[in-house]
Amino acid sequence: MSAFLEKLLRSKLTIWVLLVAPAVWALKPLFAPAPTDADPLKTTLLHLGLIGCIVLAAVLAFTPLRVLWPRWGVAQALNRHRRLVGVGAFAYALLHFTAHLLHVYDGGFGTFWKEIQKPFQLIGLGALLILFVLTITSINAAIRWLGGKAWKNLHRLAYVAAALAAWHQADARKIFPLQVVWIFGPLAVLEVARIWKQRVTSLPPPGTTPAQTS
Amino acid sequence: MHLRFPKAWELPESAATPESAYLNRRAILKTLGLGAAALALAPRGLRATTAGFPTRVNADYRDPALKPTSYELITSYNNFYEFGTGKEDPKPNANRGWKTEPWTVELTGLINNPIKIDANDLVTKMGGAEQRVYRFRCVEAWSMVIPWDGFPLSKLIKFADPKPEAKFVTFTTFNDPKSAPGQRTGALDWPYFEGLRMDEAMNDLSFIATGIYGRPIPNQNGAPLRLVVPWKYGFKYGKSIVKIDFVAKEPVNTWKAMQAREYGFYANVNPMVDHPRWSQASERVIGAGGAFGTRQKTLMFNGYEAQVAGLYRGMDLRRNY
């Protein structure tokens, strides 16, 4: 079962299908609105944001999964697709932003400019800009230009983007939406476990005190 | 000279069904469908509190420029947190055995005529129902146009006969966690509670809705008695009212208690005063403009400036939001 899953997840096609299918669901109201859908564009906007958060949380979980279970084939398979899934998160964020732009368009962009200055929207915009920078530096050549270390540090901004996205999502509702916990909670747990494991393994093995080794 | 001889199968323009008749056929089919649906729903519809009050259209409140939102959308896109926080939640959840008939409402507080009265008896005492078409503006920057049936709140206040000390009127929503799944969560501080200043409540526009489009107001819209104050944001419209209390001091309404920075006591529609998270300058028009929808400029006091601006003369509306 795990071997089959691993084989399936190693395929780029599987990942493409998994990334594109939710977009079909999110964009459907625009092409076939249900008669009871009061504001199809708003439905699309919310769904795109939701998928963006899920994809971002998912791609960030790949590394801790591999660190925690290095020999697990599924984790290895997933880590082949970090770039593709990461760019997918940016694509959803951009679509979400575009839907918002259309949603506030009232013959001009006055409402847009007024709203974008509010913390709730600035936070979302911040996450989008980070994902944009990470996307344009996701090509192999960028690693050469920047140098491995600088590139790695730059791409650590993905964690900041995730924190901003979670904040933005929580702030979107009048009452705290539990989905933030479902989406970003597991990632937070994995990250804590990963940091803990990396600390333990980077310490000298127990029983080998400096006195003994000398 | 160019001569054209029509083929035998070509029909003259005059034989074509006029577009209006063609469209009308659809309307008839739709009505038939609605009729069948109404028949299926009849047991609830006929038994509903506030059923059986034929509505008289009040021509003073029928602006021909206002195009009412469809009954379907008005009754399926609702904020009624007692039945879930999603807008699609109230329609199914408020119709799973929650009883809105019979219904008793209590008039109490600083009045000469305190009474517990059946909702139907109250409507009868108020002289039955009239219909008014009002703009509806949600604080979330979307709007509808709704034909409400009901009676002016001022009639109810005169019936209650307030004492001079009564300066505010408060409206308490039902509290029944067994029937209302939302009330089993801590989403809000139940029961939902709203209030108006006495002069606001006495304004001609203030209304108690008992129906929509001439039919008893559906559960998800706040059956059987719902406050309607069209120059204010929708959250001021207390639903499924069980108690109307006349008090001396400004009450703290539910959303103000929850989030005073975002929601105030007055909640007057005001395109100049933004919500902390979004602009109130314009609004999405529900059910208009196809899939991509449309936005329109929000009007001061939701277009009722002439009727209500006087209530707030000299007040800083930025502070008293």
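The numbers here are math on the coordinates, done by the rules we state, and not lab data. All values reported here derive from a predicted model rather than from experimental measurement. Note that we place each Cβ from the backbone using ideal geometry, even for glycine, and neighbour counts take in every protein chain shown.
Structure summary
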| item | result |
| --- | --- |
| Listed residue pairs exceeding 30 Å between alpha carbons, taken from A:152/A:174; A:114/A:149; A:114/B:236; A:174/B:297; A:174/B:249 | A:152/A:174; A:114/A:149 |
| Per-pair calculated FRET efficiency, R0 = 22 Å: residue A:157 and residue A:192 via Cβ, rounded to 0.05 | 0.65 |
| Spatial separation of Cα centroids for segment A:161-185 and segment B:244-302, in angstrom | 24 Å |
| Residue A:98-residue B:261 pseudo-label distance in nm [points 7 Å out on the Cα-to-Cβ vector] | 3.4 nm |
| Cα gyration tensor shape for segment A:1-114, rounded if a/c is under 1.5, else prolate or oblate | prolate |
| Residues of type lysines that residue B:91 reaches as a straight line, Cα spacing below 16 Å, ignoring anything fewer than 8 places off in the same chain | B:99, B:239 |
| C-alpha long axis of helix B:19-47 to longest principal axis of chain B, angle in ° | 40 degrees |
| Residue-averaged beta-carbon neighbours from other chains (10 angstrom radius) around A:82-90 | 0 |
| Net lengthening on full extension, residue B:57/residue B:252 (0.36 nm per residue, minus Cα-Cα) | 66.7 nm |
| Residue A:122 versus residue B:309: modelled label distance in nm, points set 7 Å from Cα along the beta carbon direction | 3.4 nm |
| 25 °C / 0.890 mPa s Stokes-Einstein diffusion coefficient of segment B:13-312, Kirkwood radius on C-alpha pairs, µm²/s | 122 µm²/s |
| Per-residue HN-Hα couplings for segment A:179-196 [Karplus 6.51, -1.76, 1.60; θ = phi - 60°; Hz; x = Gly/Pro] | 4, 4, 5, 4, 7, 9, x, x, 4, 4, 4, 4, 5, 4, 5, 5, 4, 4 |
| Diffusion constant of chain A at 4 °C, which comes from Stokes-Einstein with the Kirkwood Cα-pair radius and 1.567 mPa s, µm²/s | 67 µm²/s |
| Peptide-level mean, for B:277-286, of C-beta atoms on other protein chains within 10 Å | 6 |
| Inter-part distance where segment A:57-114 and segment B:144-193 are each reduced to a Cα centre, Å | 44 Å |
| Virtual spin-label span in nm between residue A:21 and residue B:72, 7 Å along Cα→Cβ | 3.0 nm |
| Helix-only CD estimate at 222 nm, as mean residue ellipticity for chain A, using -39500 (n - 2.57) per DSSP H run (n ≥ 4) | -26000 deg cm²/dmol |
| CD proxy at 222 nm, helix term only [per DSSP H run n ≥ 4: -39500 (n - 2.57); per residue of chain B; nearest 500] | -5500 deg cm²/dmol |
| Estimated FRET transfer efficiency when R0 is 45 angstrom, pair residue A:132-residue A:69 (beta carbons, to 0.05) | 0.90 |
| For residues of A:106-115, the mean tally of beta carbons on other chains within 10 Å | 5 |
| Integer Hz, Karplus 6.51/-1.76/1.60 couplings in order for segment B:172-186, x for Gly and Pro | 10, 7, 4, 9, 8, x, 5, 8, 10, x, x, 6, 8, 10, x |
| Reachable aspartates and glutamates, given that their alpha-carbon falls under 19 Å from the alpha-carbon of residue B:167 and they are not under 8 places away in the same chain | B:106, B:194, B:199, B:200, B:204, B:245, B:250 |
| Folded to 0 to 90 degrees: helix A:82-104 orientation relative to chain A principal axis, Cα | 20 degrees |
| Nearest 10 degrees, 0 to 90: helix A:12-31 Cα axis against chain A principal axis | 20 degrees |
| Cα gyration tensor category, rounded, prolate or oblate, for segment B:189-298 with a/c compared to 1.5 | oblate |
| Positive-end residue of B:162, B:73, B:127, charge dipole of segment B:13-312 with Cβ unit charges | B:73 |
| Cβ charges +1 (Lys, Arg) and -1 (Asp, Glu), total dipole of segment B:13-312, debye | 420 debye |
